[in-house]
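Input: a single structure, listed below in structure tokens.
Readers should treat all values here as calculations from the given coordinates under stated rules, not as data from a laboratory. Since the model is a prediction, treat every value here as computed from it, not as a measurement. Don't worry about glycine lacking a Cβ; one is built from the backbone with ideal geometry, like all the others, and counts go over all protein chains shown.
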Amino acid sequence: MASLFLPNLDAKTFAVSLGVLAVLSSGLYYLFSRPPFPKNAPGLTPEAFPIIGSLQFFTERWDFFQRAMANAHGGNFSFYAGQHPVIGVAGEEARKVFFESKSLAFSEGYAAMLGGSPNVKKKGDNNNLLAEDVAGGSDFGAYFNKRLINMVKGPQLKKGLPLMLQDARASLDRLAANPTGVTDPFDSIYRLVFQFTMRTVACNEIADDPKLLEQCLQHFERVEQSATPWQVMYPWMPLWSKVQRTRGGAQLYMIFKAVVDARRKSGIRGDDALQYLIDQGDDITHMLMFVLGALFAGQLNSGINAAWVLTYLANNHYWLDRVREEISSVAERYCSDSALPLKDKLMHVPIEAWESEFPLADMCLKDSIRLQALGCAFRKNVSDHDVPLNKAGTEVVPPNAYVAFAVGEVHYDPNIYEKPDEWDPSRYMPERAEDKKATYGWMGWGVARHPCLGMRFAKLEMNVILAFFVAYFDDFTLSDAQGNKTTRLPATDKNHHTAHKPAEKVYIKYQAKA
């Protein structure tokens, strides 16, 4: 047989060759092996490729989920994302288990299924954790939550409000001075939110320096854009995207380290979040991982949704007029000087009013979030037992399996929301209350065991942006890049994994107040 297939090899060489093949085969089996699903797990979807599993989960996520749910008994199904065993869940009963079970861990689920975080470990430092380990562990989750809760408390937000208002005015002054009167909100407003977030969860040195702020945004976007399906499916692969991710993290590390070193050398304390982290004795790695975590949670949601709200309002003057009346009413309530322009009156509005007296603006944001939050939520079964998905226990999530819930199943459900593809803030009016029709019928701010810790800050920055945009500009409408008015909203890509900038450029034509 050996002479038939390998005629030039002697017996010894043939044996060595077989040994090498055996080692390679064992290595490949180890690298690409994946745990089997137990019999009581939901049925395996047939949409899969050999070895890599259901690549459709990454390339057409919402469409993939719809097909898999429709073909599965009871809506739940199993699939592989590379080496990761994943249970896709659907329906109210499984949805409640997903959000309420203490065995299904939040941090561990997202750490693996969103591609991890950049490696920002200092060279030669064996005491600092790798960022992937930090982001994926429950210890870091507890650390992150504790720090964030302290930063977004009422007194902290109140202290930071004057700087936030100044940032908003400076940004809109630049827009008002633009002779074209045209802006891409997914650029200008997105950058303003980045500045807000950097000032709130990081430091004033970066927020106050346009050049440094731009550098941080570029590095952050390099990290955000480097997550690929292959990095999620096979995190051990030495991919170029991982190099880019590590490079972005390293650049951010050096920027923050320079700020911390400068403060320590000069002895000058800052009055910001970074100083709070320094005072707690946190090392640079943990500081940066906290900031990155806060930016990912805030920028990819608030930055995108703030731009979408203005886009929707630019195309809906009925709601724009109502929001304008609300903003003017609040401003006059706290500043009755009729000689002052609206943008100056808003400087007198206290933090309590910014947080509670803009219900129509809140509804506008809420429906924008519903339309844009249609990716997947993730969990991981970190217990040593099966987690039943129904009362009968006929379908379970086995230990160490991941769980994915497609938020669009609820946010785009026509049985919950009338004309779900349309932006309609009135659906949250008390007489309609469409989001109350089902358990966890709206989950933009998190539900059950994992509410959004940054919700208070996110609402505040949205109200500030919207109020000042209305105060600066008499009118604004959708337009093309040349300022020609249009009524064509950019399409929403339902297969995208997170809230995102539209693939089709959108512009707002505005008219500055005299």
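Scoring 286-297, 69-80 by mean Cβ neighbours within 10 Å over their residues and listing the highest first yields 286-297, 69-80. For the range 375-384, the Karplus equation 6.51 cos²θ - 1.76 cosθ + 1.60, evaluated at θ = phi - 60°, returns couplings of x, 10, 9, 10, 8, 9, 6, 9, 8, 9 Hz by residue, with Gly and Pro reported as x. Using a Cα-Cα cut-off of under 29 Å, which lysines could be cross-linked to Lys485, ignoring same-chain neighbours fewer than 8 residues away? Straight-line reach from Lys485, under 29 Å: Lys343, Lys366, Lys419, Lys494, Lys501, Lys505, Lys509, Lys513.
Each residue of the range 302-307 was assigned a 3J(HN,Hα) from its phi angle through the Karplus expression (A = 6.51, B = -1.76, C = 1.60, θ = phi - 60°), giving 5, x, 6, 6, 4, 5 Hz with x at Gly and Pro.
The string of couplings for the range 426-431 from the Karplus curve (6.51, -1.76, 1.60, θ = phi - 60°) is 5, 5, 9, 4, x, 6 Hz, one whole number per residue in order, with x for Gly and Pro. Summary of packing: across the peptides 356-369, 175-188, 303-316, 92-105, the per-residue average of other C-beta atoms within 10 Å ranks them, highest first, as 303-316, 356-369, 92-105, 175-188.
For the chain, averaging the sequence separation of C-alpha pairs within contact (under 8 Å, six or more residues apart) and dividing by the residue count gives a relative contact order of 21 percent.
Treat the range 284-400 as a sphere of radius equal to its Kirkwood radius over Cα pairs and apply Stokes-Einstein at 37 °C in a medium of 0.692 mPa s; give the translational diffusion coefficient in µm²/s, rounded to a whole number. Estimated diffusion coefficient is 178 µm²/s.
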